[in-house]
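All remarks here apply to the structure that follows.
No value in this document is a laboratory result; all are computed from the given coordinates. Model, not experiment: these values are computed from the prediction. Note that each Cβ is placed from the backbone with ideal geometry, even for glycine, and that neighbours are counted across all protein chains shown.
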Amino acid sequence: MNNEIEYKDCLDYINSLMVYAKSGGDIGLNKIRYLCEIFGNPQKDFQTIHVAGTNGKGSAVAMLANIMSGAGHKTGRFISPYIHEFTERISIDNIDISKDDIVSYTNKIKNVLKSTHTSDDFMPNPFQFITLMAFLYYKAQNCEIVVLETGLGGRLDPTNIVKSPLVSVIMQIGMDHMDVLGDTIEQIAREKCGIIKENSAVVLYPLNEASVIKIAEETAREKNCEFIMPNLNELKILEEDISRTVFEYKSRRYILGLIGKHQVYNAVTVIETADYLYNSSKSFVNYEVVRAALEKTRFPSRFEVISSKPLLIFDGAHNLQGIYALRDTIKNLLPNKKIILLCGMLIDKDPETLIRYIADEDFVERFIAVPVDSPRAETAENLCKIAAKYTDAITEQSVSVGDGLAQAVKLCEADCDNFAIVAFGSLYLADEIRNAVQAFI
């Protein structure tokens, strides 16, 4: 009990560090550079694969971490944000950091900051603190490789203090965090491509816009980097359903545990990354290792089947590319289902645009809006009003996620085989959906 209290106190302390975040988001490198220096630059004690992008980062990091572990490397994985528990952010070979270690490293960092009389100007914000904690943990645990996901952007993200990654990976780039990264796709692409380092290599997701591809190629050329992008002419999708996808790339067959065509494009980006590491003798990664890793990879809240009867799927889609992918996956894999959309969303994610591109589909049988547990949440009432503009289906609002799910389940009862419930709009919904499902399914 005391340990749990200490752990929660540490999380409260980390969250309290928002007071040291500058207006508009404190994403500069000066603080993290200072913090790493006073701790002996732990980020220099392991190799990294650095991953940036708007969509697909988490899935790519999960696949790459499984590949590196499968190849025999002690592999760290750093992700942002977490889905269920804070400890998910920092893991080694698929084992999350313990709560006791969170307490230990939080106290260690606090004590050093105090003993070095760190001024307010160099006190970390929450993400900088977590990044430092991760670096210290990976060093102490003798990690060989860390697959490192950027938090926001790339060029000025705290993770970008790493100097010489084995390879930089740029996933799909879209319009998100525009208040910080820029209001054009080109500005955002330049920020993301800021993780590309001299004399290295960059692998780019294949379905990026032409202007993004141009910027990535130019950046690679300026920094004397090998530029790699998957060749979709060599990709064939052989089978797909809501449990797996079978595809062939460059005449090799793979089974993917992640669902949707967009995940196949993520996977071929990862395959090209693994091939580069193998061909450049930077890792003993071969086809069998990659094949096994892709089949075993799961990542929560990415078209995740929560229940089979009634069919309940949760997807954390919360930006335009995510909504496109969700919409297309529903059409492709659930063509004969009547879809009940359960939606909760943050106000700063442009609910009008996102709802517009899914609510007007013929598959929508009912739209149920629910509140999200966040001060940035859009109200269920407003989500309903938005949806009513774009769908002829009945729109309803609910006072809680649990009540919304109960409404959806009741609608399915009479004709369970022909309905599916798809919850989406914010990762903040994930835990509430899982908790609520126990009561109704």
Integer Hz, Karplus 6.51/-1.76/1.60 couplings in order for the stretch 313-319, x for Gly and Pro = 10, 10, 9, x, 3, 9, 9
Once phi for every residue in the stretch 274-280 is put through the Karplus expression 6.51 cos²θ - 1.76 cosθ + 1.60 (θ = phi - 60°), the whole-Hz ³J(HN,Hα) values, with Gly and Pro written as x, are 5, 5, 4, 4, 6, 5, 8
Counting only DSSP beta bridges with both residues in the stretch 293-441, what percent are antiparallel, rounded to the nearest 5?
-> 20
Integer Hz, Karplus 6.51/-1.76/1.60 couplings in order for the stretch 306-311, x for Gly and Pro = 8, 8, 9, 8, x, 5
Would you work out the relative contact order for the stretch 148-207, in percent, from Cα pairs under 8 angstrom that are 6 or more residues apart?
-> 43
Reachable aspartates and glutamates, given that their alpha-carbon falls under 20 Å from the alpha-carbon of residue 331 and they are not under 8 places away in the same chain = 239, 240, 241, 304, 315, 360, 361, 362, 365, 392, 415, 417
Once both axes come from the Cα atoms, what is the angle between helix 320-333 and the longest principal axis of the chain, in degrees from 0 to 90, rounded to 10?
-> 50
For the stretch 257-298, size of Cβ-based charge dipole, Lys and Arg +1, Asp and Glu -1, in debye | 160
Would you list 166, 341 from fewest to most Cβ contacts within 10 Å?
-> 166, 341
Length-normalised contact order of the stretch 380-441 in % [C-alpha pairs under 8 Å, at least 6 apart] = 34
Using 0.36 nm per residue, how much length does the chain from residue 280 to residue 392 gain when fully extended, once their Cα-Cα distance is taken away?
-> 34.8 nm
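Mind ordering 51-58, 217-224 by average Cβ neighbours within 10 Å, highest first?
51-58, 217-224
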Residue pairs, from the table 192/223; 31/74; 31/110; 44/214, whose Cα atoms sit over 24 Å apart = 31/74; 44/214
log10 I(q)/I(0) for the stretch 387-436, Debye formula on C-alpha points only (no solvent), q = 0.19, 0.27, 0.30 Å⁻¹, two decimals, reads -0.76, -1.21, -1.24
When only Cα pairs under 8 Å and 6 or more residues apart are kept, what is the percent relative contact order across the chain?
-> 14
Packing-ranked peptide list from 77-85, 153-161, 419-427, highest mean Cβ count within 10 angstrom first, is 419-427, 153-161, 77-85
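Taking the Cα centre as origin and putting +1 on Lys and Arg beta-carbons and -1 on Asp and Glu beta-carbons, what dipole magnitude results for the chain, to the nearest 20 debye?
1060
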Percent antiparallel among DSSP beta bridges with both residues in the chain, to the nearest 5?
-> 35
Extension reserve of the residue 4-residue 416 stretch, reckoned as 0.36 nm per residue once the Cα distance is removed | 144.2 nm
How high is the FRET efficiency between residue 232 and residue 210 when r is their beta carbon distance and R₀ equals 22 Å, given to the nearest 0.05?
-> 0.90
Hydrodynamic calc, the stretch 304-440: Kirkwood Rh from Cα pairs, then Stokes-Einstein at 37 °C with viscosity 0.692 mPa s, so D in µm² s⁻¹ is 229
Using the count of nearby Cβ atoms within 10 Å as a rough guide to exposure, how do 275, 362 rank from fewest to most?
-> 362, 275
Separation in nanometres of the label points that stand 7 Å from Cα toward Cβ, at residue 239 and residue 252 | 2.1
Using a basic spin-label model with each label point 7 Å from the Cα along Cα→Cβ, how many nm lie between residue 93 and residue 357?
-> 4.1
Under 18 Å from the Cα of residue 163 - aspartates and glutamates, other chains or at least 8 residues apart = 37, 45, 144, 149, 191, 198, 222, 226
Kirkwood hydrodynamic radius (Cα pairs, Å) of the chain?
-> 22.7
Other residues with Cβ under 10 Å from the Cβ of residue 228 give, with Lys and Arg +1 and Asp and Glu -1, a net charge of -3
Starting from the alpha-carbon convex hull of the stretch 210-312, give the projected area averaged over all orientations, in nm².
-> 8.2
